[in-house]
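Each remark here refers to the structure printed beneath this line.
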Amino acid sequence: LQGAETQADRAPLPPRFMAVLREPLVHFLLLGALLFGLYGLVNGSPPGLATPNRIEVDAPAIARLKADWQRQWGGEPTPAELQTLIDQYIHDEVFYREALALGFDQNDIIVRRRLIQKMEFLAEDVSALREPSDEELQVYLAEHGDRYYVPGRVSFAQVYFSGELRGDRAEAEAQTVLNQLRANPQLGLSKKPLGDRTMLPASLTLASAQTLTNAFGVSFAQALAAVTELGWQGPFPSVYGTHLVNVTEREPGHGATLAEVRGAVRLDWLNDQRQQHETAVYQQLRDRYKITITPAALEPLTAQAALPLEAD
C-alpha cells in the first residue's frame, strides 16, 4: 500500500536515548509522576496544604530562619547568608510537599517514631513541674530511703605481702608480723619496711566499699567491711596477695539525711512526678479511642506459647 510504513522504514532510537530509558532513576521519576497524578485525581491536594502549588516565604518564616541561625552561630546572617537560608527553605519545602503528595509519610516507621517522639515532648511540656518543697522531699526520702543509704567508710594503712615472691608462706609470714605489731604498736612507726613493695596505695582515708573494691578487689573489700575494731587487723587476701591493715577510723553506714542527698532526692522526685504526669496525659488521650484486639490474631501466639519445650 502506498504510504504504508514498514518495520525497515522506522528510524531506530538513538543508543544514548535507549541507555537513558534503562536508567533506574528515570523509572523512579516516571513512577513518582504517575503516583502523583493518581493521588491528585483521587484525593485532590495533599492534606494540610490548602495551596499546594504556592510556597510563601513570609515574615514569620524568615524570622524563624534568622532565629535558627542566631542560635547556631550567635549573630545575624548577612544578606547573602539569609538568601542561602531562604533557598534551602524553598528546596526543603518543595521536597516535603512532593513527599506528602506521594504519600511517603504514610506507613513509614521513621516518620511514625518521629511523630510519637514529638507527642511525647508535647506531653512533657504540658507536664511542666514546679519545684518541690523541703517537706515533700523529706516525705519522698522517707518512702525511698533504701535508694540513698550512705555506705560505711574506713581509713587505714596497709602492709603488703606478695604471693608471687613469698608463695605459700605469704599468709603465715603476714600473721607473724601482725603478732609483732599487736605486741609492739611502735613497730608500725618504724621506717624499716614490714612487707613487700607494691604500687597499691599505702593508705586510704574514709574509703567506701566501692573504692576498696576498685583498688584491692572484692575479697579484700568484703573482709575489711567485717572489721569493727580499730588497730592492726588481718591477714586479708586480695587479688594481689595478702595484707595487714591498721584501721584508724570507721564511719558506719547510715540512712541519709535530706541535707546529705537533697540534690539527688530533688532530681528523683521531679523525674517521678514527670512520669506520673506523662502517664496521666497518655491515659486522657487513650480514653478518646475505642481499642479492640482481634482474638483470632493472637491464637498463633497463644498456641506457640503452649507448646512444650523439647529436651536437648
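The values are calculated or read from the model by the stated rules, or taken from the named source; none is laboratory data. Being a predicted model, the structure only gives us computed values, none of them experimental. Positions of Cβ are generated from backbone atoms using ideal geometry, with glycine treated the same way; all protein chains shown enter the neighbour counts. Each accessible area value is taken on the protein alone, full model and side chains, heavy atoms only, with ligands, DNA and RNA left out. Shrake-Rupley method; radii C 1.70, N 1.55, O 1.52, S 1.80 Å.
Along the Cα→Cβ direction, 7 angstrom out, place labels at GLN276 and ASN107. What is the inter-label distance in nm? So the two model labels end up 4.3 nm from each other.
Compared with the direct C-alpha span, the chain from THR257 to TYR149 gains 38.0 nm at full extension, assuming 0.36 nm per residue. Once the chain from ILE55 to LEU122 is taken as fully extended at 0.36 nm per residue, the excess over their C-alpha distance is 21.4 nm.
Here each label is just a point 7 Å from Cα along the line to Cβ, and for LEU165 and GLN83 those points are 7.9 nm apart. A Förster radius of 41 Å combined with the Cβ-Cβ distance from TYR96 to GLU135 puts the calculated FRET efficiency at roughly 0.20. Along the Cα-to-C-beta direction of ASN179, a point sits 7 Å from the Cα; which residues of region 235-252 have their amide N less than 14 Å from that point? The answer is 235. Solvent exposure of region 69-222 amounts to 70 Å² per residue of accessible area, where only protein heavy atoms count and the probe is 1.4 Å. Its Cα centre serving as origin, region 142-193 has a Cβ charge dipole (Lys and Arg +1, Asp and Glu -1) of approximately 340 debye. Here the calculated FRET efficiency for LEU115 and GLN222, from their Cβ-Cβ distance with R0 = 45 Å, stands at 0.30, rounded to the nearest 0.05. Extension gain, GLN72-SER190: 0.36 nm per intervening residue step, less the Cα-Cα distance, totals 36.1 nm. Taken about its Cα centre, region 179-286 carries a charge dipole of roughly 260 debye when the Cβ of each Lys and Arg holds +1 and the Cβ of each Asp and Glu holds -1.
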